[in-house]
Each structure stands twice: as structure tokens, then as C-alpha cells.
Amino acid sequence: MYLDFMYLSARNKETWFHLIAILTVSIWGSTFIATKSLINHGLTPVEIFTYRFSLAYVCLLAVCHRKMLANSWRDEGFFLLAGLTGGSLYFISENSALEITMASNVSLIVCTTPVLTVLLSSLFFREKLRKGFVIGSLVALSGVALVVFNGSVLLKLNPLGDCLTLVAALSWAFYSLILRRMGNRYSTLFITRKVFFYGLLTLFLYLPFVSSSFHPDRLGLPAVYINLLFLGIVASMLCYISWNACVRIIGASRASNYLYINPLVAVWASHVFLSEPITSTALLGAVLILGGVYMVERL
């Protein structure tokens, strides 16, 4: 009876973290509205990233400051890689891609992250590829394509932009694997704080090579500080904490599976907040995404 109780408790715990992963990805899927609003107010993508990560880091430092360094310099190096792959490199490559290729291309290629995560897991951790994963991923990616293009047949390839997007997808896949390695050795708060710190540090090393101006005078605008508070505290600090915890509990591959939902939420948010139309093609894509996610998890 005791073992049965422990088994049910573990299963219930996993169920909760599956729901948390879905909620986290859903919030990330809606962040483009806040980002778009900030860009419309004159802020640059690099500036937005700097503000949101700085805010998240300061808030985390206030509650998690007793332990500053990792247990070894080797682990500190892994945290540096986590900040690079899950922070500056991911955002810089994705935002740079958005400037030179179609947003639909970026959305579609970024959604290869779950596939890349599982492939890397099989390479570095010898995970076996399940039949359900292959079939479900193909179904979900087909749905992503329908949702992203939303009834449009326009497809324009841009080698540089598409390669940068693939770098972003690979970057997040490596980030998930680093979390898997460090998750059982450090607390979620400590890991997340380290990610923000090294994300900012590696970004500052990048700044001298780009022309990016800052506009502190616009921080007093309600539309600016409200959106930055959302991006910094909710979408960055809280969502990174919840995502890192999900990777710890349910694994990098299973958590990454829910990233397929990201474009689905983005299209829905566009319809609700920006009055953009949703076509029958996009609705079919939504069904395929949900069906593919279910197949990956259950088969």
C-alpha cells in the first residue's frame, strides 16, 4: 500500500509539472505581443533583452544570494554555457533572423527544437528514439506549418536567416541538456539566477559589435514599463524557474515536446489582441499539433 501511494504521488507530481510546462510555453507564446509593443515604442530587440534579463536577475538575486558560485569551476563553465545557449545566443540569433527572413520561417524552424533535443539526448545520453516520438513529431510539425502559414502559400527561403533560426533552435536544445546535467546538483533558483547572470554577461560581450542604442527616457511610459515588467518578471524570471523545474522533474525531451504549442498560442493571441484572422487551415493545424503532442507523450 505504501509503495502504491508513493507511485501515485510521483505520478501526480509529474502531471502537475506537465501542466506547468504547458502554462509556461503558453506564456512564452504570447510574449511577442509585449515585444512588438515595445518595438513600436522605439526599443530595440537587444535593449528589450537587456532590460528583461536584468530585471529578472535582480529579482532573483534578492531571494537567492547566499550561494554565489558553483561547487567547481567546471560547473561554473556549464552555467556559462547555459546562459549563452538559453539566453544571449538564443535571443540574438532569433531576433537577427527575424530582421532578414520571414517570421513564419522563424516560427516553423524554431519548432524543430523538440526534435533536436531528443536527437541530442540520444547522442549524449544514449536515449532510445521511440516510434511514437517520430510519428508524433511529424504530425505536430505538420500542424505547426499549417498554423504558422495560416492559410498562406507564400514561402520564401533565406539561407542566412533560416540558418540563424536553426542556431536558435539548436541553442535551446543544448540549454535543455545542460539543465538535465545540472538539475540534480543545484536548486532551481540557483540555476535560473546563473542563467540570467551569464546571459547578460555574454550579451555585453556582444554589444560592442552591434549598433544598438538604448532609450532609458522611454522607461517611464506606461506601455513600456508594464510590458517590461511582464517580460522580466513573468516571462523571464517565473517562466525560466518553472521551465527549469519541469526539465528537472519530467526530463528535457518530454518538456521540450510542449514547445510545439508555442505557435498555436501565438496565433490565438494575435487573433484576440491584434484582431488577426484565424483560417480553417490554422484550425486544422491546431488539431494536428495537439494530436502530435499526445502521440509523442503516449505512444
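The values are calculated or read from the model by the stated rules, or taken from the named source; none is laboratory data. None of the values given here were measured: they were computed from a predicted structure. Cβ coordinates were reconstructed from backbone atoms using ideal geometry, including for glycine residues, and neighbour counts include every protein chain displayed.
The table below gives the values:
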item: The listed residue being modelled with pLDDT of 85 or more, under 20 Å from L189 (Cβ atoms) and of a type in the set (A, V, I, L, M), out of L89, L69; result: L69
item: Only one of L179, L141, L166, L170 that is within 30 Å of R126 (Cβ to Cβ), in contact with a Cys (Cβ under 8 Å, 6 or more places away or on another chain) and modelled with pLDDT of 80 or more; result: L141
item: Residue match in region 217-225 (condition: within 30 Å of E76 (Cβ to Cβ), at pLDDT 90 or above and surrounded by fewer than 22 Cβ atoms within 10 Å (Cβ to Cβ)); result: no
item: Filter result (without any contact (Cβ under 8 Å) to a residue 60 or more places away in the chain, under 19 Å from G291 (Cβ atoms), outside any loop (DSSP other than H, G, I, E, B) and within 17 Å of the chain's Cα centre (by Cα)) within region 109-145; result: V115
item: Test: residue in region 247-261 that is touching a helix residue (DSSP H, G or I) at 6+ places or on another chain (Cβ under 9 Å) and either surrounded by fewer than 18 Cβ atoms within 10 Å (Cβ to Cβ) or over 23 Å from T85 (Cβ atoms) (or both); result: no
item: When residues of region 36-46 are limited to those that are surrounded by 20 or more Cβ atoms within 10 Å (Cβ to Cβ) and assigned to a helix (DSSP H, G or I), the one modelled with the highest pLDDT; result: L38
